[in-house]
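Rule-based calculations on the coordinates, nothing more; no lab input. Keep in mind that this is a model prediction, so the values were computed, not measured. Heads up, the Cβs are rebuilt from the backbone with ideal geometry, glycines too, and the neighbour counts pull from every protein chain shown.
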Amino acid sequence: MLELLKEGQVYELLLVSKSNVTPVGVVRKGETLHFKLFPGKSFKDLLENNRTAIQITWDAELLVRTALNLSVSISFESSGGHRWISSLPGWLGKVECRREVWKDEIGTAEVLRCEFFPERRLPGELTRVPFSRADCVLVEMAVLFTRYIVRPSPEQRNKILDLYSLYRHLGGTSDTAEYIVGHLKGA
């Protein structure tokens, strides 16, 4: 199943650690997956336990809600120090991480540069939902919103609001999009 991921392309997948689920931008390089993790629950978890799961979903709402630490309805399984979401395909494995300093337009932060070594494939099924342009925009809104939370700026706010207009134009109706915009309008 790893071969389904094109090398060098960024995929938004779910990282399941001992206490958290968060989306991460994953890049396949050969037989391993690479990602960068900013400080938070998963960051701390990986420093304590390098056993993790990386799982696939086509559910943009699940990606966005886990990114924003909003409630989701999922169930978990666990074994041998690993924890994973029931019924979603993916992999169990170990992660090797190194600390680095990351600098960009919102500041400087410590990050973990991680390499995931798949050890076991997780069977599961993906919901058969057609590709939605609105879902892509919702994911991008969430990415920008998580950055906005760290360092608010009028430019970032306007980008998110522009994406929201496009999201609505494309038929998007998510309560999560309304949550993001509600926070921007309250700011």
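Packing, taken as the mean count of other beta carbons within 10 Å per residue, orders the peptides 60-67, 121-128, 145-152 from highest to lowest as 60-67, 145-152, 121-128. Pair-distance distribution P(r) for segment 28-187, from all Cα-Cα distances in 5 Å bins starting at 0: 2, 7, 15, 17, 19, 17, 13, 8, 2, 0 percent. Which of the three applies to segment 2-122, rounded, prolate or oblate, going by the alpha-carbon gyration tensor with a ≥ b ≥ c and a/c under 1.5 meaning rounded? In terms of gyration-tensor shape, rounded.
Rounded to the nearest whole Hz, the Karplus-based 3J(HN,Hα) values (6.51 cos²θ - 1.76 cosθ + 1.60, θ = phi - 60°) of segment 126-132 follow the sequence 9, 4, 8, 10, x, 4, 10, with x at glycine and proline. Placing +1 on each Lys and Arg Cβ and -1 on each Asp and Glu Cβ, with no other charges, gives the chain a dipole about its Cα centre of roughly 280 debye.
Applied to segment 112-119, the Karplus parametrisation 6.51 cos²θ - 1.76 cosθ + 1.60 on θ = phi - 60° returns per-residue 3J(HN,Hα) values of 9, 8, 10, 10, 9, 10, x, 10 Hz, with x for Gly and Pro.
Applied to segment 140-146, the Karplus parametrisation 6.51 cos²θ - 1.76 cosθ + 1.60 on θ = phi - 60° returns per-residue 3J(HN,Hα) values of 5, 4, 5, 4, 5, 5, 5 Hz, with x for Gly and Pro. Build a GNM of the chain with springs between Cα atoms under 10 Å apart, and of Trp102, Trp91, Trp58 the one that fluctuates most is Trp102.
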